[in-house]
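Note sheet for the following structure.
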Amino acid sequence: MALTLRHMVNPKTVTQQYPEEQTELSPRWRGTHRMEVHADGRPKCVACGLCPTVCPANCIRLVGGEDDQGNRYPIVYEIDEFRCIFCGMCQEVCPVEAIHVGRDFENAEYTRDRFVYDLDRLMQQDHPTALLWDPSDPASE
Ligand code: SF4
Ligand code: SF4
């Protein structure tokens, strides 16, 4: 009763009018992936194979290729966002900082196959990327 009375005289709004009102996500929020691109539109991925190897959910599919100059690139690069556990390890291991988990969660779909993001879709994502955990600054201060 005391708690109820306290809220009656000092009401605090707890309802958030989503999506009109949105809370800013933590810089370390790990959500939908995005693939960084070069200025000429090519993906930054060099198909090294590290991220599919380290992924604990086994949800990255990579088929690598090589161009005439011997540069490796992804022919197929897909991430199943439905199986992903958003651990961020793909971002941590990428030697060229190509793949990132991002500060985004609005990725609802009507069918499961829509959760498999191909390379084009990953490159089109434009939300901010997640900040990696820094052991020298564990609380991000
Ligand atoms: S965030 Fe983790 S689970 Fe998701 S694709 Fe990357 S390594 Fe795999
Ligand atoms: S770790 Fe980076 S460069 Fe290597 S396959 Fe994954 S996205 Fe491509």
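Read the figures in this text as sums done on the coordinates, not as results from a lab. Remember, predicted model here, so these are calculated numbers, not experimental data. Using ideal geometry, Cβ is built from the backbone for each residue, glycine included, and neighbour counts are taken over all protein chains shown.
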Lys, Arg +1 and Asp, Glu -1 on Cβ, resulting dipole of region 26-124 about Cα centre, debye, nearest 20: 340 debye
H33 long-range amide H proximity, modeled H, under 5 Å: G102
Solvent-free Debye scattering, log10 I(q)/I(0), computed from the Cα coordinates of the chain at q = 0.17 Å⁻¹: -0.97
Model label zone, E109; criterion: amide N under 15 Å from point 7 Å along Cα-to-beta-carbon; scope region 45-59: 59
Relative contact order, percent, the chain [alpha-carbon distance under 8 Å, six or more residues apart]: 29 percent
Per-residue [θ]222 nm for the chain (sum of -39500 (n - 2.57) over DSSP H runs n ≥ 4, rounded to 500): -4000 deg cm²/dmol
Prolate/oblate/rounded label for region 61-141 (Cα gyration tensor, a/c 1.5): oblate
Cα centroid separation - region 47-87 against region 1-23, whole Å: 45 Å
